[in-house]
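Reading through the structure tokens given below for one structure.
None of the figures in this text is laboratory data; all of them are computed from the coordinates on show. From a predicted model like this one, the values you see are computed outputs, not experimental measurements. FYI the Cβ positions are ideal-geometry reconstructions off the backbone, even for glycines, and counts take in every protein chain you see.
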Amino acid sequence: MRCDVVVVGAGPAGSMAARHMAEKGLDVVMLEKRQEIGDPVRCAEGVSKTGLRSLTDPDPRWIAAEVRGARLHAPDGTTMVMSEDRSGNEVGYVLERKIFDRGLAMQAALAGARIMVKTRALDLLRRPDGSAGGVKALRFGEVLPIEADLVIGADGVESKVGRWAGIDTSLKPKDIEVCAQFLVYDPAVDDDYCEFFFGNDIAPGGYVWSFPKGRKLANLGLGVLGSRCQPGAPVRLLRQYLERNRPEARVVEMVVGGVPVSGPIERTVADRVMLVGDSARQSDPITGGGILNAMKAGVMAGDVAAVAISDGDLSAAGLMPYEEKWRETIGRQIARHYQLKEFFSRQTDEDLNSLMHSMQSMDMSQMDLRGMLKVLIKLNPKKLWELRNLVV
Amino acid sequence: MLTVDRYRCGYCGACVGVCPEMALELVETWIEISPECVECGRCTKICPTGALELSDKTEART
């Protein structure tokens with residue numbers, strides 16, 4: 001089998017790349033190793049309304065709930081409210097990822113991409129010069145070589161494409177948040193707000209979240225920084241949190257997952273290979289959100305792929321415009337947020353409490369994450385000295 | 001030797017992401033361990049469900 005581009009992984013990054021390339025007339029094959037695109041979910045499903053709308057026209061069926069804002073809770077219970085249009089990247093819509101991911105894949109299919117499920121990439125095919133010549137796949141138990149001019153790795157946290165191409169994407173324990181999440185029915189759920197709870201006891205180096213999905217359903221989960229994790233800690237801590245804080249909650253689904261929080265990696269292109277989304281470690285190190293960055297990277301990679309194929313230069317140098325584009329757009333924020341994550345994951349509960357207290361007299365309801373940090377630094381110049389250059 | 005309790009595993013692939021040797025692979029709903037494993041213990045530490053274990057036992061891999 002032959003095509004122009006083979007995309008490995010049918011999440012938001014892969015589907016956006018596949019769709020954009022197919023729309024430009026390229027022959028695209030997208031592989032998904034699972035039987036079902038989008039399932040099981042590994043995501044809290046929150047996404048900014050304006051962010052999503054800037055990338056696509058959302059189908060109402062993708063959206064489980066709309067929220068009005070976010071509440072942040074310090075370890076001692078001090079609370080701060082951020083309104084929806086300002087609370088950064090991650091709230092506004094709470095998606096139904098199972099439907100959303102399939103919707104994006106369907107758009108790619110409608111644009112002309114061929115999608116193959118239950119098809120897992122085993123390795124790269126190699127050209128005589130050693131560069132990628134496509135992928136060797138296992139489709140429904142049978143080996144299928146798929147020759148292509150270009151391979152796009154959109155294969156998520158467990159990515160192999162980059163590593164096969166000589167890009168070391170392995171994550172250090174301090175650069176992954178390991179998470180557990182229950183979908184709960186709980187009369188205590190506030191259907192209008194996403195909630196974030198901080199504390200080194202409840203979620204070391206991470207946070208507990210509650211993202212409403214409508215009618216008292218919510219994604220209730222937590223992330224623990226890998227370097228501070230013990231075997232099984234995320235599930236154990238989540239159960240404990242539920243017992244202590246949500247006695248009425250009824251669990252109807254359980255998922256686990258790892259979120260890259262490594263910040264920008266050294267490179268995301270090699271000869272005839274590009275990485276997008278979680279496989280390129282483009283998720284946000286402070287919020288853990290990855291959907292929008294993945295979609296944006298998918299579009300950028302798709303655009304660059306079309307040009308590189310028509311120019312006939314698919315070397316790493318020819319694909320470099322993708323690397324440059326994502327670094328000067330989403331990459332800047334990812335890099336800044338990595339520094340913030342490094343800082344905040346070191347803070348004690350007392351530090352977190354005192355930072356939250358310092359803002360109690362301020363009106364934060366109209367502030368985004370950046371504005372909030374500005375105020376924080378102004379109010380706590382000594383404590384936050386090392387962050388002074390991150391907020392411009 | 002590294003073993004995975006597939007009845008405990010949530011097949012999320014976090015272990016695959018931290019493996020420095022590419023010794024793990026998430027296939028459908030289970031984790032496969034290849035002989036490249038150097039028993040560094042990164043995956044056991046970060047597994048959200050605690051499904052991976054390093055032991056001296058030489059039982060068959062499950």
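Electrostatic bookkeeping for A:Glu350 treats Lys and Arg as +1 and Asp and Glu as -1; over the other residues with beta carbon under 12 Å from its beta carbon, the sum is -2. The GluC sites (Glu not before Pro) found in the range A:245-321 that occupy coil by DSSP, while having at most 10 further C-beta atoms within 10 Å, are A:Glu266.
Return the loop-located trypsin sites (Lys or Arg not before Pro) in the range A:179-221 (DSSP other than H, G, I, E, B) with at most 13 other Cβ atoms within 10 Å of their own Cβ; answer none if there are none. It would help to have the intermediate numbers written out before the result.
Details: sites: A:Lys213, A:Arg215, A:Lys216; in loops: A:Arg215, A:Lys216.
Passing sites in the range A:179-221 are A:Arg215.
Using only Cα atoms, tell me the angle between helix A:291-311 and the longest principal axis of chain A; keep it within 0 to 90° and round to the nearest 10. Its long axis makes an angle of about 20 degrees. Figure legend: label point modelled 7 angstrom from the Cα of A:Lys98 along Cα→Cβ; residues of the range A:236-275 with amide N under 11 Å from it are A:253-254. Against chain A, whose longest principal axis comes from its Cα atoms, helix A:233-245 is set at around 40 degrees. For peptide A:226-236, the mean count of partner chain Cβ atoms within 10 Å of a residue's Cβ comes to 6. Model label sites at A:Asn380 and A:Val251, defined 7 Å from Cα along the beta-carbon direction, differ in position by 3.3 nm.
log₁₀ I(q)/I(0) of the range A:180-253 at q = 0.16, 0.20, 0.25 Å⁻¹, via Debye over equal Cα point scatterers, no solvent, to two decimals? The Cα Debye sum returns log10 ratios of -0.51, -0.77, -1.12.
Using Cα pairs under 8 angstrom and six or more residues apart, how large is the relative contact order of the range B:2-54, in percent?
Details: 84 pairs, mean separation 24.0, N = 53.
It rounds to 45 percent for the range B:2-54.
Label reach from B:Cys40 (point 7 Å along Cα→C-beta): in the range A:252-278, no amide nitrogen lies under 11 Å.
Ranked from highest to lowest mean number of other Cβ atoms within 10 Å per residue, what is the order of the peptides A:173-180, A:304-311, A:75-82?
Details: A:173-180: 24.8, A:304-311: 18.2, A:75-82: 15.8.
Packing order, densest peptide first, comes out as A:173-180, A:304-311, A:75-82.
Step through the table entries A:Lys325/A:Lys383; A:Lys24/A:Lys213; A:Lys98/A:Lys378; A:Lys174/A:Lys325, compare each Cα-Cα distance with 31 Å, and write down the pairs that go over it. Distance filter (> 31 Å) returns A:Lys325/A:Lys383; A:Lys24/A:Lys213; A:Lys98/A:Lys378. Compared with the alpha-carbon gap, the fully stretched path from A:Phe140 to A:Tyr185 is longer by 12.5 nm at 0.36 nm per residue. State the answer as a single residue: which of A:Ala317, A:Leu138, A:Met300 lies farthest towards the positive end of the charge dipole of the protein assembly as shown, with beta carbon charges of +1 for Lys and Arg and -1 for Asp and Glu, about the Cα centre. Working it through, the farthest residue towards the positive pole turns out to be A:Met300. Of A:Val6, A:Val151, A:Val375, B:Val4, the sequence from fewest to most neighbouring Cβ atoms within 10 angstrom is A:Val375, B:Val4, A:Val151, A:Val6.
Sort A:Val7, B:Val16 so the one with the fewest other Cβ atoms within 10 Å of its own Cβ comes first. Kindly include the intermediate steps, with their values, before the conclusion.
On the way: A:Val7 38, B:Val16 24.
Ranking A:Val7, B:Val16 by Cβ neighbours within 10 Å, fewest first, gives B:Val16, A:Val7.
Once the protein assembly as shown is represented by equal point scatterers at the alpha-carbon sites, with solvent omitted, what log10 I(q)/I(0) does the Debye formula produce at q = 0.13 Å⁻¹? Scattering profile of the protein assembly as shown, log10 relative to I(0): -1.18. Could you check what % of the DSSP bridge pairs in chain A are antiparallel, to the nearest 5? Close to 70 percent. In chain A, the calculated helix contribution to ellipticity at 222 nm averages -9500 deg cm²/dmol per residue, counting -39,500 (n - 2.57) for every DSSP H run with n ≥ 4. Axis angle, to the nearest 10 degrees, between helix A:316-328 and the longest C-alpha principal axis of chain A: 20 degrees.
Please give me the summed charge of the neighbours of A:Glu248: other residues whose Cβ is under 10 Å from its Cβ, Lys and Arg +1, Asp and Glu -1.
Details: positive: A:Lys216, A:Arg246, A:Arg250; negative: A:Asp186.
Result for the neighbourhood of A:Glu248: +2.
Here the dipole of the protein assembly as shown is about 360 debye; that uses its Cα centre as origin and unit charges on the Cβ of Lys and Arg (positive) and Asp and Glu (negative). Judged by the mean number of other Cβ atoms found within 10 Å, the most tightly packed of the peptides A:359-371, B:22-34 leads the ranking B:22-34, A:359-371.
Count, for each residue of A:255-262, the Cβ atoms from other chains sitting within 10 Å of its Cβ, then give me the mean as a whole number. Each step should come with its number before you reach the end.
Numbers: counts 4, 10, 7, 10, 2, 3, 0, 1.
Taking the mean over all residues of the peptide, I get 5.
Loop-located GluC sites (Glu not before Pro) in the range A:21-71 (DSSP state not H, G, I, E or B) with no more than 15 neighbouring Cβ atoms inside 10 Å: A:Glu36. Ranking A:Cys229, A:Leu379, A:Ser15 by how far each Cα lies toward the positive end of the dipole of chain A (charges on Cβ) leaves A:Cys229 at the top.
Under a Cβ-only charge scheme (Lys and Arg +1, Asp and Glu -1), can you give me the dipole magnitude of the range B:2-54 about the Cα centre, in debye to the nearest 20? Rounded to the nearest 20 debye, it is 240 debye. The fewest-to-most ranking of A:Ser54, A:Ser48 by surrounding Cβ atoms within 10 Å reads A:Ser54, A:Ser48. Taking Cβ atoms as reference points and 15 Å as the exclusive limit, the residues near A:Ala137 contribute a net charge of +3, counting Lys and Arg as +1 and Asp and Glu as -1. Comparing A:Met1, A:Thr169, A:Leu242 along the charge dipole axis of the protein assembly as shown, the residue lying farthest to the positive side is A:Leu242, per the Cβ-charge model. So, in Å, what gap is there between the alpha-carbon centers of the range A:259-298 and chain B? Using only Cα atoms to place each centre, the spacing works out to 24 Å. Per residue of A:157-168, other chain Cβ atoms within 10 Å of the residue Cβ number 3 on average.
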